[in-house]
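A.B. asks: First the structure, then my questions, so here it is.
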Ligand code: CA2
């Protein structure tokens with residue numbers, strides 16, 4: 001196993017939640033030149049295949065309703081280790097989704113199919129990116145797969161709760 005594989009193995013069995021925002025249920029049926037040819041189901045299949053390869057549990061949820069996305073983020077607090085989210089249009093408008101992300105304190109990876117920075121000015125501003133670990137934008141469906149890999153890396157590199165609550169090394173050394 002590669003060094004990276006060994007590192008990622010620390011995330012095995014952990015859970016990642018993927019959230020898709022409004023209108024992404026239309027993928028593959030409209031605007032394929034902007035958002036690519038794959039349907040949401042096809043993207044989800046690819047995500048499940050990668051999650052199995054990386055050994056993480058995956059939950060996926062799509063909604064056109066802002067409050068439902070907020071509910072799902074809140075519900076993730078104690079059962080999920082990281083969130084990959086394409087907030088779609090809510091990226092540019094939703095204080096509610098931003099506040100929910102801050103409230104649960106989970107690591108969040110923001111993803112976009114299109115490169116939002118090459119599009120209209122109003123898409124350049126994200127209310128999510130400064131409360132996310134990072135943003136992946138412009139790689140089509142691969143943005144989600146890269147986002148899942150990033151989430152696994154973040155989980156693998158985060159110190160577990162039990163480690164966090166241990167006394168500092170210095171205090172445990174004999175006098
Ligand atoms: O590029 C992305 O992933 C976006 O998050 C997609 C959002 C857009 O508002 C963001 O600025 C960038 C739009 C999602 C709409 O999805 C559609 C899919 C097929 C047909 C029409 C819309």
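All of the numbers you see were taken from the coordinates with simple rules; none came from a lab. This is a predicted model, so every value here is computed, not measured. So basically every Cβ, Gly included, is an ideal-geometry build from the backbone, and we count neighbours across all protein chains shown.
A.B. asks: Nearest 5 is fine: what % of DSSP beta bridges in the chain come out antiparallel, could you say?
C.D. replies: In the chain, DSSP labels about 0 percent of beta bridges as antiparallel.
A.B. asks: Given that compact globular proteins tend to follow 2.2 N^0.38 Å, what is the ratio of the alpha-carbon Rg of the chain to that value?
C.D. replies: Against the empirical 2.2 N^0.38 Å value, I get 1.11 for the chain.
A.B. asks: Another question about this same structure. Would you please put 28-36, 41-49 in order of how densely packed they are, using the mean number of other Cβ atoms within 10 angstrom per residue and starting with the highest?
C.D. replies: The densest-packed peptide leads the list: 41-49, 28-36.
A.B. asks: Next up: So what's the back-of-envelope 222 nm ellipticity for the chain, counting only DSSP H runs of four-plus at -39500 (n - 2.57) apiece and dividing by all residues, rounded to 500?
C.D. replies: The helix contribution divided over the chain gives -11000 deg cm²/dmol.
A.B. asks: Let me ask something else. If I fit a long axis through the Cα atoms of helix 95-104 and take the longest principal axis of the Cα atoms of the chain, what angle between them do I get, 0 to 90°, rounded to 10?
C.D. replies: Relative to the chain, helix 95-104 is tipped by roughly 20 degrees.
A.B. asks: Taking the chain as the reference, fit the longest principal axis to its C-alpha atoms, fit the long axis of helix 40-54 to the helix C-alpha atoms, and give the angle between the two in degrees, 0 to 90, nearest 10.
C.D. replies: Computed tilt is about 20 degrees.
A.B. asks: Relative to the first principal axis of the alpha-carbon coordinates of the chain, what is the inclination of helix 66-75, with its axis defined by its Cα atoms, in degrees from 0 to 90 and to the nearest 10?
C.D. replies: 20 degrees
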